[in-house]
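K.L.:
Take this structure first; my questions come after.
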Amino acid sequence: MNDLETSMNKSVEATQRTLNTIRTGRANPSLLDKITVDYYGAETSLKSMATVFAPDSQTIAIQPFDIKSMGLIEKAIAISDLGLTTSNDGKIIRINIPPLTQDRRKDLCKLAAKYAEEGKVALRNLRRDAIDKIKKNEKDGSLSEDQSRDQQKAVQNLTDISISQIEKNLSQKEIEIIKV
């Protein structure tokens, strides 16, 4: 049960990290978490190549550790699906975050719901595997019917709690997206 709880918590956290990469109307450095840069032939995360911060609510700034990598970072941002444009002053790359249109906000809410559903599917798969294991133990005779039923209820309760956490995270993200 502890392994299952740990796995479910990891799944909820992974879903939250994915939700954090969705753009809201405000500049947020976690927006660039999924960006990887082809740095000397190796895919390297942007976080390990530069300091990413938001100096104000409409700008994300990237200060590379290696100035020579600025062009590579700009190229990686340009080919990403974020639709952001960069400008640099030779030391810092700046990304101006334009305000979202109402249609784009609706699309982002749909994307957030899709990510949340993927997280719920992962939780349901974990539940299915755990219940199959419990039923197998019952068949082997290592668990009684009552013990099996109690453990299955515990697994379902844990699943319900984790799914409600994902739904709560989704509703918070939708509020962030819709808020102008």
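K.L.:
Taking other Cβ within 10 Å of each residue's Cβ, how do Val52, Val121 sort, fewest first? Numbers along the way, then the final one.
P.N.:
On the way: Val52 22, Val121 11.
Ranking Val52, Val121 by Cβ neighbours within 10 Å, fewest first, gives Val121, Val52.
K.L.:
Quick one: go through the range 2-19 and flag any residue whose amide nitrogen is under 14 Å from the point 7 Å out along the Cα-to-Cβ line of Lys168.
P.N.:
Inside the label zone: 9, 12-13, 16.
K.L.:
Å³ per residue of the Cα convex hull, for the range 76-159?
P.N.:
165 Å³
K.L.:
For Asp129 and Asn9, what does the FRET efficiency come to when R0 = 22 Å and r is the distance between their Cβ atoms, rounded to the nearest 0.05? Mind dumping the intermediate values first?
P.N.:
Working: r = 16 Å, r/R0 = 0.72.
About 0.90, to the nearest 0.05.
K.L.:
Which FRET efficiency value, to the nearest 0.05, is calculated for Asp146 and Lys114 with the Förster distance at 45 angstrom and r the Cβ-Cβ distance? Kindly include the intermediate steps, with their values, before the conclusion.
P.N.:
Details: r = 40 Å, r/R0 = 0.89.
Computed FRET efficiency for Asp146 and Lys114 comes out at 0.65.
K.L.:
Next question. For Ile166, what charge total do you get from the other residues with a beta carbon under 13 Å from its beta carbon, if Lys and Arg give +1 and Asp and Glu give -1?
P.N.:
Values: positive: Lys10, Arg17, Lys114, Lys120, Arg124, Lys168, Lys173; negative: Glu13, Glu117, Glu118, Asp160, Glu167, Glu174.
Residues near Ile166 contribute +1 overall.
K.L.:
How high is the relative contact order of the chain, given as a whole-number percent (alpha carbon pairs under 8 Å, six or more residues apart)? Don't jump to the answer; show the numbers that get you there.
P.N.:
Working: 209 pairs, mean separation 47.2, N = 180.
Over the chain, the number comes to 26 percent.
K.L.:
Continuing with the same structure: Bin width 5 Å, alpha-carbon pairs only: give the P(r) of the chain as whole percents, running from 0 to the bin holding the largest distance.
P.N.:
Result, from short to long distances: 1, 8, 14, 15, 13, 12, 11, 8, 6, 5, 4, 3, 1, 0, 0 percent.
K.L.:
What ranking, highest mean first, results for peptides 149-159, 38-48 when packing means the other Cβ atoms within 10 Å averaged over each residue? Working shown, then result.
P.N.:
Working: 149-159: 15.5, 38-48: 12.7.
Most protected by this proxy first, the peptides run 149-159, 38-48.
K.L.:
Determine ³J(HN,Hα), in whole Hz, for all residues of the range 49-54 in sequence, where each value follows from phi through the Karplus function 6.51 cos²θ - 1.76 cosθ + 1.60 and θ = phi - 60°; x replaces Gly and Pro.
P.N.:
9, 7, 8, 10, 8, 10
K.L.:
Let me ask another. I need the peptides 72-85, 12-25 ranked by packing, meaning the mean over residues of other C-beta atoms within 10 angstrom, with the highest value on top.
P.N.:
Numbers: 72-85: 15.3, 12-25: 18.1.
Taking the mean over residues of other Cβ atoms within 10 Å, the ranking is 12-25, 72-85.
K.L.:
List the chymotrypsin sites (Phe, Trp or Tyr not before Pro) within the range 43-119 that DSSP assigns to loop and that have no more than 16 neighbouring Cβ atoms inside 10 Å. Walk me through the numbers on the way to the answer.
P.N.:
Numbers: sites: Phe53, Phe65, Tyr115; in loops: Phe65.
Here the sparse-neighbourhood loop sites are Phe65.
K.L.:
Round to the nearest 0.05 the FRET efficiency obtained for Asn157 and Gln102 when R0 = 30 Å and r is the Cβ-Cβ distance. Don't skip to the answer; put the middle values down first.
P.N.:
Working: r = 39 Å, r/R0 = 1.31.
According to the calculation, E is roughly 0.15.
K.L.:
Now for a separate question. Based solely on its DSSP helices, what 222 nm [θ] is calculated for the chain when runs of n ≥ 4 H residues each add -39,500 (n - 2.57) and the sum is averaged over all residues, nearest 500 deg cm²/dmol? Don't skip to the answer; put the middle values down first.
P.N.:
Working: 5 runs with 106 residues, N = 180.
Helix-only estimate at 222 nm: -20500 deg cm²/dmol.
K.L.:
Let me ask something else about it. What dipole magnitude, in Debye to the nearest 20, does the chain give about its Cα centre under +1 on Lys/Arg Cβ and -1 on Asp/Glu Cβ?
P.N.:
On the way: 28 positive and 26 negative charges, 83 e Å.
Magnitude of the dipole: close to 400 debye.
K.L.:
Now a separate question. Which whole-percent values make up P(r) of the range 26-96 when all C-alpha to C-alpha distances are grouped in 10 Å steps starting at zero?
P.N.:
It works out to 21, 62, 16, 1, in whole percents.
Only the coordinates and a few stated rules stand behind these numbers; no lab work does. All values reported here derive from a predicted model rather than from experimental measurement. Every residue, glycine among them, receives a Cβ derived from its backbone with ideal geometry; neighbour counts consider all protein chains shown.
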